[in-house]
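Engineer: Sharing a structure, written as structure tokens. Questions coming.
The values are calculated or read from the model by the stated rules, or taken from the named source; none is laboratory data. Keep in mind that this is a model prediction, so the values were computed, not measured. Ideal geometry is used to build each Cβ from the backbone, glycine not excepted, and the neighbour counts take in all protein chains shown. The accessibility values were calculated without ligands, DNA or RNA, using every heavy atom of the protein model including side chains. Shrake-Rupley method; radii C 1.70, N 1.55, O 1.52, S 1.80 Å.
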Amino acid sequence: MVEECHAYRQERTQAGLKATRARGKNGGRPKISPDDEKVQMAKKMSKNHSNSVGEICKTLGISRATYYQYLEM
């Protein structure tokens, strides 16, 4: 019975996602562009070695993980 309930729920979820995509919508968080203002600022600030990573993150209001993701863009 549990398997049937799981399969039914999974089937309905997939049907809903398919219907949403057919209407031209996508799920998930929008991707950030390498041209974004915060990305450019993080890259510019990282080149100035007088700022620590913590200071840059605090100034931009981002986490360290986000900071390093920005640098890889």
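Engineer: Sort through K43, K47 and tell me the only one that's open to solvent by 100 Å² or more (accessible area, probe 1.4 Å) and not acidic (D, E). Before you say what the answer is, go through the steps one by one.
Structural biologist: Details: K43 fails: open to solvent by 100 Å² or more (accessible area, probe 1.4 Å).
None of the other options fit; the residue is K47.
Residues checked against (1) open to solvent by 80 Å² or more (accessible area, probe 1.4 Å); (2) assigned to a helix (DSSP H, G or I); (3) touching a strand residue (DSSP E or B) at 6+ places or on another chain (Cβ under 8 Å):
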| site | (1), (2), (3) |
| --- | --- |
| Q14 | yes, yes, no |
| L17 | no, yes, no |
| P34 | no, no, no |
| N51 | no, no, no |
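Engineer: Same structure, new question: Just name the residue that is surrounded by the most Cβ atoms within 10 Å (Cβ to Cβ) out of those in region 53-73 that are assigned to a loop (DSSP other than H, G, I, E, B) and without any contact (Cβ under 8 Å) to a residue 24 or more places away in the chain.
Structural biologist: Ranking the candidates gives S63 first.
Engineer: What is the residue count in region 19-32 for residues that are surrounded by 10 or more Cβ atoms within 10 Å (Cβ to Cβ) and either in contact (Cβ under 8 Å) with a residue 40 or more places away in the chain or of a type outside the set (K, R) (or both)? Step through it out loud before you land on a result.
Structural biologist: We begin by selecting, within region 19-32, every residue surrounded by 10 or more Cβ atoms within 10 Å (Cβ to Cβ); these are 19-21, 32.
Then keep just the ones that are either in contact (Cβ under 8 Å) with a residue 40 or more places away in the chain or of a type outside the set (K, R) (or both); that gives 19-20, 32.
Qualifying residue count for the region: 3.
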